[in-house]
1. Please give the net charge around Glu252, taking every other residue with its beta carbon less than 13 angstrom from that of Glu252, where Lys and Arg add +1 and Asp and Glu add -1.
2. Once you place label points 7 Å from the Cα toward the Cβ at Gln109 and Leu179, how far apart are they in nm?
3. To check you understand DSSP bridge types, tell me what percent of the beta bridges within region 189-300 (both residues inside) are antiparallel, rounded to 5.
4. Considering the options Leu158, Tyr146, Thr169, tell which one lies farthest towards the positive end of the dipole of region 140-192, charges being +1 on Lys and Arg and -1 on Asp and Glu at the Cβ, about the Cα centre.
5. What length, rounded to one decimal in nm, is gained on full extension from Ser270 through to Ile150, with 0.36 nm per residue of separation minus their alpha-carbon distance?
6. Just order 362-369, 339-346, 225-232 by mean Cβ neighbour count inside 10 Å, highest at the front, would you?
7. By how many nm would the segment from Thr398 to Asn58 grow when fully extended, if each residue of separation counts as 0.36 nm and the alpha-carbon distance is taken off?
8. Could you compute the FRET efficiency for Glu352 and Val331, with r as their C-beta to C-beta distance and R0 at 22 Å, rounded to 0.05?
Amino acid sequence: MNQNEQIRTYRAASMSEALAMVRRELGPDAAILQTRRRRGILGWVPGGYRVEVTASVNVNVPSRFATEEPSTLKGASATDFSGDQTVDGQAANLADIVKDGSRSGSELQGDLQQRISDLQSMVNDLCQQSAASGRQDVPQELFQLYADLIESEIPEELARQYVERIRATATPEELADPLMVKAHVGRIVESELCVHGPIKLEPGRRRIVALVGPTGVGKTTTIAKLAANFRLRDKRKVGLITVDTYRIAAVEQLRTYADIIDLPMQVVSSPREMREAAGRMSGMDLILMDTAGRSPRDEVKIHELKAFLDEAQATDVHLVLSAVTGANTLVRTAERFKIVGAGGLILTKLDEATAMGNLLPLLRSGDFPLRYVTNGQNVPDDIEAAEAHRLTNQMLDTEETTPSPLRQWS
Ligand SMILES: Nc1nc2c(ncn2[C@@H]2O[C@H](COP(=O)(O)OP(=O)(O)OP(=O)(O)O)[C@@H](O)[C@H]2O)c(=O)[nH]1
Ligand SMILES: [Mg+2]
């Protein structure tokens, strides 16, 4: 067996199935190095799995549980384990049963099933003990807070930091009251959010606002919402430019909105045409520029986009991201779009998010001040100026409020 073959991973629908595979392929001396359970539907689809066991026959480590005192295994199984009570020991018992030629087929099968089920509950309990020991640094009285933060999808490391800060700064009265603890963490989170609120138009100063971002996040729909509100509600002179000529449907999508709201619109297909198009709209208060969705991994396309934006001399480049995106992807994607000068943020699809703690790492990084959030497909209504207090409540799930239409926009 070469170096790569020393450690193997087995996936199965159940722990007993996975352990049986380990035994069959690596034999009874194999050490179980790690077990993982997967949430979700994977175990129920054909070929899917719910349990992953990493095992080795050659790596010279004892089972990671082998050094535990037998007392720490108390309750690992209701069965009376004879002899060695480690996972390795139980695996050896299995081997003895198999080698014992005096047993009938059905006896052997029954014994094996019993032993495998013992082994399964032992591994389950050890996994639980192991998970619980990882939580030891969360103080008992703040465990509910920690669990709530994780439930809100705040990344674990960040949740621990908040718990630590609360432990260091909260008064004993606060610590005794879960609502006060939640309010305290709310104040910390709110103070960290980088939120700048809506675009402010000044008389005599034309703004060119471009929306950029990955495909399908809601750029065009958000342009339509912004345009309709600035034009119809605030009575501003608004023009549209689209550089999304990659799809005919994209141009038509924006043109439909331009016709309904009665706005001038220019279609630009090269950086050279951009300056002329912007020139033709010199009398506007606000030019909103729609761009084609770009994969954050496609550097060539992102540089192409930059050439258009430079030519337009855009005053604001806002990155549009969907709130239904993992915390790490949000941060990495935002990083990639810095190249085009994106300095503001619009978060879309808040209505589809089941939790919002995933937004926190990006919003507290300070690099992308949040300007708007959108919460539905309706143009022009489903957009709000970003507001730190409200967003904090949504993220921590501490308040259910429906804003009035006026507060939504201004
Ligand atoms: N639920 C929900 N859907 C939204 C929201 N904003 C946009 N959408 C929907 O998201 C889909 C994509 O919206 P578009 O505006 O075409 O997205 P885009 O970023 O312009 O897409 P590309 O130009 O293809 O990159 C449409 O079905 C929109 O109705 C929102 O806030 N909530
Ligand atoms: Mg679009």
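Every number here is computed from the coordinates shown, using simple stated rules; none is lab data. Here the structure is a predicted model, which means the values were calculated and not measured. All Cβ positions, glycine included, derive from the backbone under ideal geometry; neighbour counts span all protein chains shown.
1. -1
2. Placing both labels 7 Å beyond Cα along the Cβ direction yields 6.1 nm.
3. Beta bridges within region 189-300, antiparallel portion: roughly 5 percent.
4. Thr169
5. Full extension from Ser270 to Ile150 adds 38.5 nm.
6. Descending mean neighbour count gives 225-232, 339-346, 362-369.
7. Working: separation 340, 0.36 × 340 = 122.40 nm, distance 5.19 nm.
117.2 nm is the gain from fully extending Thr398 to Asn58.
8. With R0 = 22 Å, the Cβ-Cβ based efficiency is 0.65.
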